[in-house]
1. Can you tell me which residue within segment A:141-156, out of those that are away from chain B (no Cβ under 12 Å) and in a helix (DSSP H, G or I), is surrounded by the fewest Cβ atoms within 10 Å (Cβ to Cβ)?
2. Collect the residues in segment B:170-220 that are part of a helix (DSSP H, G or I), within 29 Å of residue B:143 (Cα to Cα) and free of Cβ contacts under 8 Å to residues at least 60 places away in the same chain, keeping them in residue-number order.
3. Can you go through B:122, B:48 and tell me which one is buried (at least 20 other Cβ atoms within 10 Å of the Cβ), of a type outside the set (Val, Ile, Thr) and assigned to a loop (DSSP other than H, G, I, E, B)?
4. Provide a single number: the residues in segment B:144-197 that are small (Gly, Ala, Ser) and away from chain A (no Cβ under 13 Å).
5. Identify all residues within segment A:10-26 that are assigned to a strand (DSSP E or B) and more than 23 Å from residue A:88 (Cβ to Cβ); write none if there are none.
6. So which residues in segment A:143-189 are among the small types (Gly, Ala, Ser) and touching a residue at least 60 places away in the same chain (Cβ under 8 Å)?
7. Go through segment B:117-160 residue by residue and tally those that are of a type outside the set (A, V, I, L, M, F, W, C) and under 23 Å from the mean Cα position of the chain (by Cα).
Amino acid sequence: MSSADVQKPFLALAIRGITAGYGGPPIVTNLDMDVAKGKVVAVVGPNGAGKSTLLKAILGIARVESGRVELNGTDVTGLPLEKLARLGIGYVPQVDDVFDGLRVRENLDMGGYLFNKHQRAERMERALTVFPQLRPRLNRYVETLSGGERKMTAIARVLMLDPSVLVLDEPTAGLSPELSKAVLETQVRALGDLGKAVLLVEQKAVAALGISDWAYMLVRGEVVMSADAKEVLAKPDMREIFLGATAPNEVTADRAP
Amino acid sequence: MQLIIEAIGFGIATGAVIALGAVGFSVQFGISNILNITYGALMTLSAYIGLVLINHGINAWAALAISAVAVGAVSVIYHRILLAPLVRRGTRAIAMIIVTVSAGTILQYVIVAIAGPSSQSYGEQSGQTFHFLDLTLSFGQVTIIVLTAILMLALHLLLTRTTLGKAMRATSSNRTLARSCGIATSRISDIAWFISGCLCGAAGVALAITTVSFDFSLGALFLIPMIAAAVLGGIGQPYGAMLGGMIIGISSEVAAAVSNPNYKDVVAFVILIIVLLVRPRGLFGAAWSSRRLMEG
């Protein structure tokens, strides 16, 4: 069974033969990926595999040399980030994922920038239902929050946009193991269950696969495996491949600008 | 004692002008990460636009408003045509400073070429003076203090109460993230450069009103205490620049009164260095810090 068979009817984000980089030799080559509505799709792989570059190519930040990015059937390749936001792609970066110097409430307001005051208030209520812990902290500046609270603010902010596709770059980076588990199991999984198409890039492969529907394994800029996440986890030899592949001695081409 | 109180009064007036300029300078830096040294020459340009208007019989305060808007527009064009394209091409911060120094010098000499090198004056504004406690201030000084207070309050309300102002802060804090929220950051930049350019223009005319006479070096000389105020407050921090302006203004006037007027700037810089030793990011530096990604 292929990814397309599983996901086709409600395909939200389709990546077709993407080759992308930063002007030099391409960092990712000829990638194909599908993310359907309501599904969490994990992209795992070692450092330097091109995971971040893939996300930047989708988001119009890295240069797409060939291939297409389709959002709900429309070609959106290379569109600037602010246009993609209007079309319904939400993005949570790995670092700098909140607006320092702004209060939690203002961060959420900015998430709902494209909507009027009334819609923003409505969406804020909805986001606070998902993250009730933020309600007593609405007037706090985000730099006074804990790592977990900042991540909640970042995800709540992206929910304000009510995007159809969510792109999450290592949402557990810098969080403790317990907090990572909580973020993935309760928050990221919940986004899929809300009906969003979630593209999740994660270094913590096993944890990410545990909450994902489908998995792509990226090594040196190419997809080396595309499989049902649960199946990957169930097979001991596959887990071996994943854990083996996350060895730290891999190239780190992903550090390019 | 009387001398010090009078100096404080003068310091508040000087501080108000410094704050006007420093806040605009800080807003520009906050939004674009560019240390725009041309700012000084643009203040001079504003003072000369004001001079032309006043010589045509326009009231000094109306001239201030018109010059402010004109310099606001010039700032937007300057940023769009020269600075933003250079940033997009990946020009380094230090090279950007050199570009703004060069552009400022060119502008300054264009002003000399047109207006000549001699000293100019707006003439006597109003002989009226105000007495408050033991302070004696001229009508011009009081008006500038009040005007600065109103503009700072307006800026505060804009930044904290309006979606536009929050979007300006968001763009300043994290441009990529702002774009991912659908904020058209280049439009926000234009607005920020217009507002800060208006403050620059207002400061230029205000400075000319409060000084007896001025020439083409008006803005260049004023740039140093203004940058000191902006850095003292934490560069990129509008509130820091307001406070920094007042501290620099009052301390330099008091220092001039109790010692030699030549030490005026020295005292301001000693305070600046001490503050930076204690708080390297300036008084308000911690609150608005963020790694800024410059992707246009």
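1. A:147
2. Within segment B:170-220, B:191 is the sole residue that qualifies.
3. Answer to the selection: B:122.
4. Residues meeting the conditions: 5.
5. A:19, A:21
6. Residues satisfying the conditions are A:154, A:164, A:173, A:174.
7. Going through segment B:117-160 one residue at a time, the tally reaches 12.
Results for (1) within 14 Å of another protein chain (Cβ to nearest Cβ); (2) surrounded by fewer than 18 Cβ atoms within 10 Å (Cβ to Cβ); (3) not small (Gly, Ala, Ser), shown as yes or no for each residue.
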residue: A:67; (1), (2), (3): no, no, no
residue: A:74; (1), (2), (3): no, yes, yes
residue: A:86; (1), (2), (3): yes, yes, yes
residue: A:92; (1), (2), (3): yes, no, yes
residue: A:102; (1), (2), (3): yes, no, yes
residue: A:113; (1), (2), (3): yes, no, yes
residue: A:116; (1), (2), (3): yes, yes, yes
residue: A:121; (1), (2), (3): yes, yes, no
residue: A:139; (1), (2), (3): yes, yes, yes
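The values are calculated or read from the model by the stated rules, or taken from the named source; none is laboratory data. These figures come from a predicted structure and were not determined experimentally. Backbone-built Cβ (ideal geometry, glycine too); neighbour counts: all protein chains shown.
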